[in-house]
Each structure stands twice: as C-alpha cells, then as structure tokens.
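One structure is given below, encoded as structure tokens.
The values are calculated or read from the model by the stated rules, or taken from the named source; none is laboratory data. Remember, it's a predicted structure, so these values are computed and weren't measured experimentally. With ideal geometry, Cβ positions are generated from the backbone for all residues, glycine too; neighbour counts draw on all protein chains shown. SASA here: full protein model, heavy atoms, side chains in, ligands and nucleic acids out. Shrake-Rupley method; radii C 1.70, N 1.55, O 1.52, S 1.80 Å.
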Amino acid sequence: MSLFVQIEKRLGDFFLEAYFESVDKTLAVLGASGAGKSLLLKCIAGIEKPDKGKIILNGRVLFDSERKVNLAPQKRRVGCLFQSGALFPNMTLLQNALCAARDKEEAALYLKKFGLEGKESLYPAALSGGEKQRAALARLLASEPDALLFDEPFSALDSNRKSELERIILDLLEEKKRPSILVTHDRNEAFRLSDKIAVMENGFLCASMEKRDFFENPKTVAAARLSGCKNISRLEWTSGQTANALDWGVSLRFEAAVPKAERKSFAGYRAHFFEPSERAADENVFACKIERVIEDAFSFVVYFRQAASLCGENGALLCWEMEKPAWEKIARTLGQKQLFAKINPARLMLLDKMEME
C-alpha cells in the first residue's frame, strides 16, 4: 500500500508545499507550531482542498487538480486521530463506534479491543483523556482505513497515559501495515513511532530521511534544532579545513578538508558531545565562562560562553549536558583553574539554512 502526495495550498498569506511517497511505513512530520503540519493532514483527509497537485492512495486518486478530482472525506478511506479525539459529545461510546462499524456487535468488539468493555453506554464527558483517545482509535479502525493520520494525538495526555497510547498505536501500526503519518513537535515521539522523518518549516516539507540518519546527520538548521541540537553557529570559512564559528567566537578545525561545494553556512554541535580539556588551544576549544548550571533528574546542563570570545558579551550561550558524576568532578576544581570545553571535530555537523529538495 502506498500514499503519494504532491500538493500546494495557499491559506491567506500562508503557503504550503509538500511532496512525498510513503509505502507501508510511518512518516513523522516534525515542525514548530504554525509550520503547516495539521494543514497537510487536512488536505490528505479532504477537510481542506489543495490549490494544486495530486493525492493518490493505493492507486486511487483522491485529489487531482488537473483532472478536477476531489473525493469527499468519507470516500477517501483515510483514518484521522486528532488531539482531542473528536468524538461526538452527544453520543455514547457505542454510538460513536457505530458511525464507522457495520453493526453493534462489531462496534462493541472494537471498543473491547481497546480496553473499553463495560463503558459502551458512557458519554465522552465521563471519560479520561486516554479513554477518549482509545475510543477514537476504535472508531477509526472500525472504518477500515487504507491510511492512518495522527495529529499530535498525545499532546493532551499525561506521561503514563501517553506511554499506554503509544504502545497501542505501535501495535496497531505493526499489525495493519498501512501508510501512516504522525504530526508532532516531539522528537522522541517521532523516533519511537516512525520509520522516516521529515521537517516542515514555514509551509515547506523537506525531503524525508530514515529516522536514524535524521538524528545523526540532519541537513538543515531547522532539522538540527528539531532533532535536539542546541548549539548552532554561522560559519565563515578561512580555508578548506578551518572556519570561524561567528556566534560561538571560536575557530574550528574539521577532521579533513571540506570540498568547496560542501562548505555549508552553519555548524551544529550536540550538547552531550563536549569534552573537558586540560588546556586552551587555538582551535576547537572554549575557555568557559559559566552563566548557569541546571540540575536535571539524571544530568547537569551547563550554559556557558567563550570567555575569550571574538564576539565579546554578544557571543552565543552554549549548552553542555553531562552526567552528574562528570559535572560533580569538574565542579570541585572550579575557582582553582579555568574550565575548557573541547569540540570533537568528528562530531561537528554542517548545516544548510533550508533544504530545498
């Protein structure tokens, strides 16, 4: 089974452009609020009409602007799970499931499958957030959809209910093997539930990547930030192997000479990759001016600037995350000697401002 999407949609001043093809896999779409993620799902489901393009599901044309095809939502066989579950508040759970199931027996079976046996006569207002989402999933599956769309389905749930629903959805995805799209702003959620990840930035959907590649080698500044990279700087190249990190106030040396065509405008470095250094050096080392230390449950997060920054006080605040024993060892010597942080050149990421593919 496959889902092909190539669409353009203008909504006031906002413009959406999306292209991808998914085959029996789950694509996670990461993006900030207002990036266009939910609008993309609405176009696929038939709630919004694109201005141009095609949407094809298992060879069935759901939308084609040139051929004037625009199937109604109920004819698309696309199942959607939204943040609120979107149950009908004036109907019982059984009645909600009957909107999609063939008869009462089938509706009751779907509710039982999601642990809602004995609650068939309840109205949505009497349910917890997790129960509402499970009821919405039961109704979704009863419609026997050919594709599954999830629009931040966990955003209103506490951590325990979120973990429970994630496990249910993972089982569902493995069992049904349907092309699926998960819209989220949570990178960990995307990694756990998807096979591929794409970034949506200002209405533009960047090319999708295998999820491990996305985290190990994001191509753009937006992708790096959404993957959790907290340290990003503009670059000014001084040779094939060296560049000034303009926002960090430090000179960088890369492992090997970078061909001119591959010299990007930005560099990224993950917070947990910094290494303590015993001495200063001209390149890849910060003399740390510590601004704040925050204790997390299992680690410390240290915010610092380059003490000898070329940017002065305008140098970017960098983030260094380390396990508690490592920081406690460093903290014992603070005030006695300067703390230096070293960048491992093998861990540096070269980034474009935006990936136009």
### Query
Of the heavy-atom accessible surface of the chain (probe 1.4 angstrom), what whole percent is carbon and sulfur?
47 percent
### Query
Which cross-chain or sequence-distant (5 or more) residues have an amide H under 5 Å from the amide H of Ser265, H modelled 1.01 Å from N in plane?
Leu351, Lys353
### Query
Roughly how many Å² is the accessible area per residue of the stretch 205-284, as a whole number, for a 1.4 Å probe?
50 Å²
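Tell me the relative contact order for the chain as a rounded percent, counting alpha carbon contacts under 8 Å between residues six or more apart.
Computed over the chain, the figure is 17 percent.
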### Task
With r as the distance between the Cβ atoms of Phe15 and Ser239 and R0 = 45 Å, compute the FRET efficiency 1/(1 + (r/R0)^6) and round to 0.05.
0.70
### Task
Roll a 1.4 Å probe over the protein chains and send me the accessible area per residue for the stretch 1-101 in Å².
50 Å²
### Task
Might you report the magnitude of the Cβ-based charge dipole of the stretch 21-111 about its Cα centre, with Lys and Arg at +1 and Asp and Glu at -1, to the nearest 20 debye?
280 debye
### Query
DSSP beta bridges in the chain, what fraction antiparallel, as a percent rounded to 5?
75 percent
#### Entry: From the coordinates shown, percent of Cα pairs over 34 Å apart corresponds to which of [x] 40; [y] 30; [z] 37
[x]
### Lysine pair number, Cα distance threshold 13 Å (strictly under), the stretch 1-133, separation 8 or more or different chains
10
